[in-house]
Each structure stands twice: as structure tokens, then as C-alpha cells.
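See below for the structure under consideration.
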Amino acid sequence: NMRRFLLQTVLVGLLVQLVAIVAFKAFPSALLKSCPSHHRTVPSFRITPAAVGISKSPKFSMPPQHQPRQGDAEKKDALLKQNIDSVAKVFAVSILSAFLWSSPLITSQPHDGHLRFGLDNNIAIAKEMASGSGSRVNKDPESLLRYGLPIDNQEVRNLQGLIERIGYDISSKRTKAALDGTKKSRVILNQSSKKLTASCAPDESGCKSIIENMINLLDKVEDALVSASNNLYGSDQEREALDKAYKADDDLLKQLTSLEEKMIPKGYKPTVPAEYSDLPQLLGRATVEMVLKKPDGSPFNVEGTLVKDAKLKMVIDGYNAPITGGNFVELVNKGFYKNMAIQRSDGFVVQTGNPDGEAEGYVGTPSKAVGAGPHGERLIPLEIMMKGDKTPIYSSTMEDEGRGGQATVLPFSSYGAMGWAREEYEPDSGSSQFFWLLFDSDLTPAGKNVLDGRYPCFGYVVEGADLLRDVKEGDIIVTATVTSGLENLFLPSKALVILT
């Protein structure tokens, strides 16, 4: 937006000054006749580099003071030619400005509504959306979780980029682009079905069924988009058709998630170093739901909408944060966070997890490798999964590893991204405190997110994230429950029981 503003300012400034020059050059006699005889002086000025903010610019100066004489045909012809040349220059500049302003290099709008220079490229978009790096920030928690699945199938990644883009195009009323996306998605589903189902072994039949459902849903999306394009722009009929298209696309994304989950190799478990085997581990994903209330019983106010309870649904990712996720899910299942107050809400994060008493975390049997905190807190190691790695980095940041600026698999780029709190200079100092990030692209821009690679991101709020806007210090977590995925939680005590 800033580049657009600067370009507009320069172009408008040039046009205004050129028009002024032409006015003085084309109509000097008229200007002079309107002035008293002792004020009949044509001003002299020039465009300087500083005036337009560029290093070089042509210099324009007005002719010396004079007044054309009546009957001087040659001078009148010369003046007329000069006027025509000036008008032609202004016309040319105007045409050039209009061309630049309408060029796709400037007007191309991505799905998030921000101005972006360059033409769209689905593959490049998919790569950028996989993390918080690049010129585009993926703010969709469901999309980030899909990219975080441990699968290796290029066709389904291409398909994901197309289907996700359809939803963005529908929301911005780009019906032609959305229709183009449905056609390309159908081509992949039809022509690459064998490559897709090959990654689903041994349940290839289940994937075939999902693919058939996706093709049927694409038909629904396409029919609704055609209906929207046939109705008057901005009409109720168009809006109703777009709502149907968006609903069908949402169902399509759910089927896509199911397809990708079936591509996870059977028996896959994240690799955890042996020295951390005495800590809880989440060997998959789990869903956690929390309900928050105001201590005085007042409702949460989110942009004028009043809600009695703040209900949050979170997906905890043990594929990329097995120890952090396992620690959190175990504490939730134990009831550690029940009736705990929110302890920080500053517009940047909402944080909790510090129990009453001297201890600043959960007091329990410590890990032999990490040890305990000053008041007996069970500590866990810093855990960062970098994009392209097979296992997380432990006990050091990405800068410590000489990988500053690289992308993490789970970036802090979604509103409600969940992070594990720790002391700034002690990587292995986290215990039970965690935070929800109130993501703002101005505070954490693409490629400059100060949290990525320094704090563990272990999950995302997938429902109710907007309610965090009005969560304040003192608000109470009245319930915290593991609603699915508890079977993926590995506890060391269970292993000991089995061994005995």
C-alpha cells in the first residue's frame, strides 16, 4: 500500500506540474491580460529532482517576459505549434499513468485483500503459505495444520493450494478466478487420482471415495459460482449464490483434510530423542476445548457482539511438537488449567499457566535430561521444527543453530497461534505457561516474525479465536477438556507399568 501511495503521489505531482506548465505556455497572453499592466510578468520555475523524489528529472523553464504582438503570424504559428506539443506531452503522460494504474503488476489483488506486485502463481503461493516467510502470510490455522502433516505428495499439495485459493477468490467476489480454480482442481483429481491414492496405502479405497466426494463438491461450487456471475453484481441473488459456493468450498476443504490425513504413513510417530523419554509425548494430534468466563459474569464484547462464554477449540500438533504438545495435553487432562485465571493480556498475547504459590509452573517429576526449576517445576526443552527437517531442534533457537530467517513448520502467523512461554535467555525453562498470540501483520510481518524459531508453536485455535480480543487479565478458564486424540498421548508411567 505504501508503494502504491508513493507511485500515485509521484504521478499526480508530475501531472499537476505539467498541466501548470502547459497553461503558462499555451495561454500567456490571456494570463497577462487578466493582470494589471505593472504585474504582467510570466513567472519562471523548474521541476527539480527534490520536487518529485527521484534522482533525475527534466528541467522546464518558462520563456522570458514578453507579450506576443498582434499580427505577427510567424510567432503565432510557432506558439500554436508549441502549445500542441505541450498538450501532446501531457496527453502522453496521462495515457502512461492510466496504463500503469490499470496494469496487473499494480492492481493484482491476492485473496487477503492487500496490494501485491506481480502475477499470481499457484505453486509459489502454496510454498509461501506453508510458513510465515515470504511476501504472503498464511493466516488460516486449518491451512497451516494441513501443511504441517507429515506427508510427501506433490499432487495433493498443488491441489491444496488451488482449493484454498478458491475460497479466497469467492470471499473477494472473483468469480472468474474461482471458476478457473475449480477447473484446475478437477483436472488434478481426475488425471492424478492414481498418484493421490498411491499415498493412501493400505486404504486406497477410502481415498477413492473421498476423491469422488470432492469432485461432486466441485460441481456444487461451480454451479453456485455460475449462478452468482449470472446475477446482478451486489444483488441478494448474487450474495446467496456466493454463500452456497463458500459453504460447498468449506465442505471441500474438510474432505481435503481427510484425504491428506489418510496419506500419513501407517504407524508414523514423531521421533523424540531418547533422553526425553521420561516426558509426556503427543504422538499425533489432539483437540482441546476451553470455556472462559468473566469473573463478574459480564459477557465478552467482540466488536459489538456480546457472548456469554468464550469457547475456544484448539488443535494441538504432536507431529511437529511432540514434547510441548504432550506436556500441554497431559496438564489439560489432569485439570491443571481448570479454574485458572488469565495472567497476561496486553494486546500482543493472552497468557496463563502460572499456578498459585511460589512455583511458576507445574510441579512434578522432573526429566533427568532437563531437570527441575527453582521451586520443583517440571521443565521441558525448547522444541522447534524447521521446515525440511525430519525431527525438531531441541534446547536451542534457530539463530543458535545458524538458521536465522528460515521457515518453521508451525509459524506464528495465525490469530490464536499457541506458543510455549519460557525465560528469554534460558531455552529449557518452560513448564506450564503458554500463550495465545494476537497476531497482527504489522507487528509480526512476513519473514520478520520475532517468535518463529525462538518459541515453540504447538497448535492453533480453529474456532473462537476472535473471542480472544476481549479476554482480559482475571478472566477464568472454567473448563479445559481433551475432546479427541487422547489416545495419542504417551505417558512414561504407562511405559513403566507395561515393563513391570
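Just a few scattered comments:
- Residue match in region 282-305 (condition: modelled with pLDDT of 95 or more, within 30 Å of L149 (Cβ to Cβ), open to solvent by 30 Å² or more (accessible area, probe 1.4 Å) and not in a strand (DSSP E or B)): yes
- Test: T391 is open to solvent by 50 Å² or more (accessible area, probe 1.4 Å), in contact (Cβ under 8 Å) with a residue 60 or more places away in the chain and out of contact with any Asp or Glu (no Cβ under 8 Å at 6 or more places or on another chain): yes
- Among the candidates D249, D278, D296, D346, residue that is among the acidic types (D, E) and under 29 Å from N158 (Cβ atoms): D249
- Failed item in (1) out of contact with any Pro (no Cβ under 7 Å at 6 or more places or on another chain); (2) at pLDDT 95 or above; (3) polar (S, T, N, Q); (4) closer than 30 Å to D452 by Cβ, with T271 passing the rest: (2)
- Applying the criterion of being of a type in the set (F, W, Y) and part of a helix (DSSP H, G or I) to the residues of region 234-281, the residue that is most open to solvent (accessible area, probe 1.4 Å) is Y246.
- Remark: pairs (first residue in region 287-300, among the polar types (S, T, N, Q); second residue surrounded by 10 or more Cβ atoms within 10 Å (Cβ to Cβ) and in a strand (DSSP E or B); Cβ separation under 6 Å; 6+ apart in sequence or on different chains) = T287/V315; T287/T483; T287/S484.
A quick yes/no check of all residues on (1) over 21 Å from S143 (Cβ atoms); (2) free of Cβ contacts under 8 Å to residues at least 60 places away in the same chain; (3) among the hydroxyl-bearing types (S, T, Y):
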{"site": "P202", "(1), (2), (3)": "yes, no, no"}
{"site": "S205", "(1), (2), (3)": "yes, yes, yes"}
{"site": "D219", "(1), (2), (3)": "yes, yes, no"}
{"site": "A224", "(1), (2), (3)": "yes, yes, no"}
{"site": "L253", "(1), (2), (3)": "no, no, no"}
{"site": "S258", "(1), (2), (3)": "no, yes, yes"}
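- Residue check for R403: open to solvent by 30 Å² or more (accessible area, probe 1.4 Å) and within 26 Å of P270 (Cα to Cα): yes
The values are calculated or read from the model by the stated rules, or taken from the named source; none is laboratory data. Computed from a predicted model, the values in this text were never measured in an experiment. Please note: Cβ atoms are built from the backbone with ideal geometry, for glycine as well, and neighbour counts cover all protein chains shown. Ligands, DNA and RNA are stripped out before the accessible areas are found, and what is left, the full protein with its side chains, is counted by its heavy atoms. Shrake-Rupley method; radii C 1.70, N 1.55, O 1.52, S 1.80 Å.
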